[in-house]
2 protein chains.
Amino acid sequence: MDYCRSGFKPKRSLEIILFTSEEPTRFGISCLGSRLLAGSEALAEALKATVDGQNISFLEAARSAGYARDEDDLSRVFLKNDSYSAFVELHIEQAPILEEEGISIGVVTNIAAPASIKVDFEGNGGHAGGVLMPDRNDAGLAAAELMLAIEKHATESGSLDTVGTVGILELYPGAINSIPSKAHLEIDVRDIEESFRNAVINKIHKAAKSIAKKRKVTLSEFKIINQDPPAHSNGSVIKAVVDASDELNLTYKYMISRAYHDSLFMARIAPMGMIFIPCYKGYSHKPEEYASPQDLENGVKVLALTLAKLSLR
Amino acid sequence: MDYCRSGFKPKRSLEIILFTSEEPTRFGISCLGSRLLAGSEALAEALKATVDGQNISFLEAARSAGYARDEDDLSRVFLKNDSYSAFVELHIEQAPILEEEGISIGVVTNIAAPASIKVDFEGNGGHAGGVLMPDRNDAGLAAAELMLAIEKHATESGSLDTVGTVGILELYPGAINSIPSKAHLEIDVRDIEESFRNAVINKIHKAAKSIAKKRKVTLSEFKIINQDPPAHSNGSVIKAVVDASDELNLTYKYMISRAYHDSLFMARIAPMGMIFIPCYKGYSHKPEEYASPQDLENGVKVLALTLAKLSLR
């Protein structure tokens, strides 16, 4: 608005994109919108058979929301590689570094390569009172060992940037007096270096097999759901963010985004950059998530000036 | 029926008791019926404030089922100590010993002392990609460590009969890209020797505190839900079961019940005995639970003859 009022005239047009389903929710696929825009043939194909928790298909849901009225070919939404001269995203840091160091702006240089894995262990279960300890093959304990192995392998990968997390663990039948007969884990592994991350995934697979053997449980599933490559910000977009921060007298720092975002996928079809602002204790995905009005204002100003700069090229 | 037809006349009357809620279901309290009949003042008091998952109180539920119409004093159902001259229960073994050894009848001498514990760990959570490994305080990993510590302490208690199980583990918020900010565990610990079991409970408590300290998470709950004493079968009831098995030419074996039953509580107010029959692989609490028609028949015959013998005293 300020730019409009001041008579600023961009040479390139500016567009705002609102992506759907950045977090994996109704259909369990994160960054659904950007993955499709970026031309994921595999996803377009998979979505034909994807249903939600109420067995409503993705295409039915799209139609009832007013999209994809007459056809099922999702490849029509793929963007061409030269559609945009640059793509920029503004986000909270989701880690505590900027806040701790008192820096206003994070200039993202890389987005870590995410992977997610589903694992099932299965044992005989049984009554928690009736079966003696040596006779058990407890699927829950196999899961507990794998959780600690994932932590160990992520911590000892040789890269500080490697993270491994078990965010979902479900025990079946899930009763206090039943030995778990099945444990379902969902594992998230990331690094900005694909090779480090993939080495950790291999170690997790090895650990899962050896734990299953030792505990006489079955590793009935080890499925890599996605294993995306990392993304690197474009040099000229990075420079525009840095110049904007300098001009606005805001301190900045080059950063890695360990969380991934729609930018990870937009980087496949456009020169990409990301701007971070500080957030309270690095909290996100929880009610305590907070960014101060001042930091929000700084972020918006840097975004606007960055876009203004890029629009003149 | 056979005894009736043969003109058998007991000196004592025989009663069949159908207990409600032997497994912890609607109100989360196992052996609800026998605990109350056996005169648990604490339970009668606690039930006044107990509600189910739909917030329906125990007393409302009892009234709508046709019980407790005019009053809230559950102590009216307490049985007097001399109500029964003996109490006998027939059950599948819930362990594989009788089946493996090809023995028809288990004569229960003791019922293991059960205890159950609820534990909560709480950490800061955060984004699975955003927070580096050294900065985490992952409540799920604290739970995983405690699960393995429970196994270790139960296995190394010095008693083969000690069992420790985590049947319930819930991670919050329970998303693949969120570090668990809370983990809720429910733990079952048993032994026929109260002292062994209580020693293990103390070790679990110590382990939970030290894990919480090491991982910088909060041990926000460590609550012992119940910690019942073991029960011992009555000598004359044991003898009646043995005599009945002998008379029916059935092999038998003295056994410990590591699972607990309504008999654990009925033993508080009557001389108690239990009869076990073999079951498939010791399975229980799962669809594969199975006892053969022959074993069922053997069990019913031993029960009938035992009751006949006891009824003549």
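Here is a list: B:111, B:150. Which entry is surrounded by 21 or more Cβ atoms within 10 Å (Cβ to Cβ), farther than 30 Å from residue B:235 by Cα, within 23 Å of the chain's Cα centre (by Cα) and β-branched (Val, Ile, Thr)? Just a single option satisfies the conditions, and that option is B:150. Out of the residues in the range A:177-186 that are touching a helix residue (DSSP H, G or I) at 6+ places or on another chain (Cβ under 6 Å) and more than 7 Å from every other protein chain (Cβ to nearest Cβ), state the one that is surrounded by the fewest Cβ atoms within 10 Å (Cβ to Cβ). Checking each candidate, the answer is A:182.
In the range A:1-25, the residues that are among the basic types (Lys, Arg) form Cβ pairs under 7 Å with partners that are assigned to a loop (DSSP other than H, G, I, E, B), at six or more places apart or across chains, as follows: A:11/A:312; A:12/A:85.
Just to verify a result, which residue in the range B:37-64, among those that are under 27 Å from residue B:267 (Cβ atoms) and either touching a His at 6+ places or on another chain (Cβ under 8 Å) or among the small types (Gly, Ala, Ser) (or both), is surrounded by the fewest Cβ atoms within 10 Å (Cβ to Cβ)? Quick ask: steps written out before the conclusion?
Here is the first cut: in the range B:37-64, the residues under 27 Å from residue B:267 (Cβ atoms) are B:37-48, B:50, B:58, B:62.
Narrowing the set further to residues that are either touching a His at 6+ places or on another chain (Cβ under 8 Å) or among the small types (Gly, Ala, Ser) (or both) leaves B:38-40, B:42, B:44, B:46, B:62.
On the way: B:38: 20, B:39: 17, B:40: 22, B:42: 9, B:44: 18, B:46: 14, B:62: 16.
So the residue we want is B:42.
One residue stands out in the range A:195-246 among those that are in contact with a Phe, Trp or Tyr (Cβ under 7 Å, 6 or more places away or on another chain) and closer than 17 Å to residue A:109 by Cβ: the one that is surrounded by the fewest Cβ atoms within 10 Å (Cβ to Cβ), namely A:242. Scan the range B:155-176 for residues that are at the interface with chain A (Cβ under 8 Å from one of its Cβ atoms) and either assigned to a strand (DSSP E or B) or surrounded by fewer than 24 Cβ atoms within 10 Å (Cβ to Cβ) (or both) and the total you get is 15. Answer with yes or no whether residue B:304 is out of contact with any strand residue (DSSP E or B) (no Cβ under 8 Å at 6 or more places or on another chain), crowded, with 22+ Cβ neighbours inside 10 Å and touching a residue at least 12 places away in the same chain (Cβ under 8 Å). So residue B:304 fails the test. The strands (runs of 3 or more DSSP E) found entirely in the range A:35-144 that carry 1 or more residues being over 30 Å from residue A:14 (Cβ atoms) are A:113-122.
Every read-out reported here was derived from the displayed coordinates using simple, explicitly stated rules and does not represent laboratory data. Here the structure is a predicted model, which is why all the values come from computation and not from measurement. In this analysis, Cβ positions are derived from the backbone assuming ideal geometry, glycine residues included, and neighbour counts consider all displayed protein chains.
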